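The values are calculated or read from the model by the stated rules, or taken from the named source; none is laboratory data. This one's a predicted model, so the numbers in the text were calculated from it and none came from an experiment. A quick note on method: Cβ atoms are made from the backbone with ideal geometry, for glycine too, and the neighbour counts reach across all protein chains shown.
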């Protein structure tokens, strides 16, 4: 009888631990981003969780879609009602030319275009 009570107590404690730890979040918070090259030259466009590289090189008039996934240790209270600031950068030849921070809505597509002289939401 005492062994059964200890097993139930251990099970209950395990459930409580799952409820109050970051491991409980099953669905990650994501912010989808569409990056469009509206300039007349090839450039790299990337967001803060990425680096400049061949995968984010865009020809003039083309776009790509990516997503920013919130880090596991983010403070949900710090996200202003399901929004998050996402840094978008543009560059070429290994150099960053422009970086701008945009506010994204959770699960809403943030559309950013490089005009050739700036990054804008469209």
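Assorted remarks:
- If you go through the range 58-68 and keep only what is crowded, with 19+ Cβ neighbours inside 10 Å and under 11 Å from residue 114 (Cα atoms), you end up with just 58.
- Members of the range 86-120 that are out of contact with any strand residue (DSSP E or B) (no Cβ under 8 Å at 6 or more places or on another chain) and assigned to a loop (DSSP other than H, G, I, E, B): 93, 94, 115, 116, 117
- Lone qualifier among 55, 5 - being modelled with pLDDT under 90 and exposed (fewer than 15 other Cβ atoms within 10 Å of the Cβ): 5
- Qualifying residue in the range 107-121 (condition: surrounded by 13 or more Cβ atoms within 10 Å (Cβ to Cβ), closer than 17 Å to residue 28 by Cα and at pLDDT below 95): no
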